[in-house]
Amino acid sequence: MIEFAVDNLETPALTKAQLADLLFDQIGLNKRESKDMIDAFFDLIAQRLVDGKDVKLSGFGNFQIRTKAPRPGRNPRTGEAIPIQARRVVTFHASSKLKEQIQAAV
C-alpha cells in the first residue's frame with residue numbers, strides 16, 4: 001500500500017506532482033517516467049470523458065458523463081430570468097469499497 005502524508009496544510013489536496021513523486025519514491029520509476037505516467041493516465045481519463053464514455057476504476061468509483069437539459073434560471077443579483085443552456089457534466093460515484101474505507105476512517 002502506498003502511504004501519503006500531506007506536507008503543506010495550505011493545500012491539502014493531492015496533486016499530480018505529488019502522485020509522480022510517490023511513483024518515484026515507492027515504485028522506483030525515474031522522475032520523468034513518473035510524470036509521464038501520471039499525465040498519460042489523466043489524459044486517457046479526460047479523453048474518454050470528452051468522447052462521452054464512462055470511466056470505471058474498480059475499487060475506486062465511476063466517472064460518468066451526464067447531459068443536463070436547458071432550464072430557466074435567474075440572475076440572483078437582479079432577479080432577471082435568464083436561460084441556462086444544455087450542457088454535459090461529469091459526475092463521480094464512489095464504489096462501495098471506497099465508501100467502506102472512508103467510513104472506517106471516521
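General observations
- Identification of strands (runs of 3 or more DSSP E) wholly contained in the range 31-106 with 1 or more residues that are aromatic (Phe, Trp, Tyr) and out of contact with any His (no Cβ under 6 Å at 6 or more places or on another chain) yields 61-68, 87-94.
- So Leu57, is it under 20 Å from Lys16 (Cα atoms), open to solvent by less than 100 Å² (accessible area, probe 1.4 Å) and in contact (Cβ under 8 Å) with a residue 40 or more places away in the chain: no
- Count of the range 32-46 residues, restricted to those that are exposed (fewer than 12 other Cβ atoms within 10 Å of the Cβ) and more than 13 Å from the chain's Cα centre (by Cα), is 2.
- When restricted to residues that are free of Cβ contacts under 8 Å to residues at least 12 places away in the same chain and surrounded by 12 or more Cβ atoms within 10 Å (Cβ to Cβ), the range 60-90 contains 1.
The values are calculated or read from the model by the stated rules, or taken from the named source; none is laboratory data. It should be emphasised that the depicted structure is a prediction, and the values quoted were computed from it without experimental measurement. Because the Cβ atoms are built from the backbone with ideal geometry, glycine has one as well, and the counts that use them run over all protein chains shown. Note: accessible area is taken over every heavy atom of the protein model, side chains too, but ligands, DNA and RNA are not part of it. Shrake-Rupley method; radii C 1.70, N 1.55, O 1.52, S 1.80 Å.
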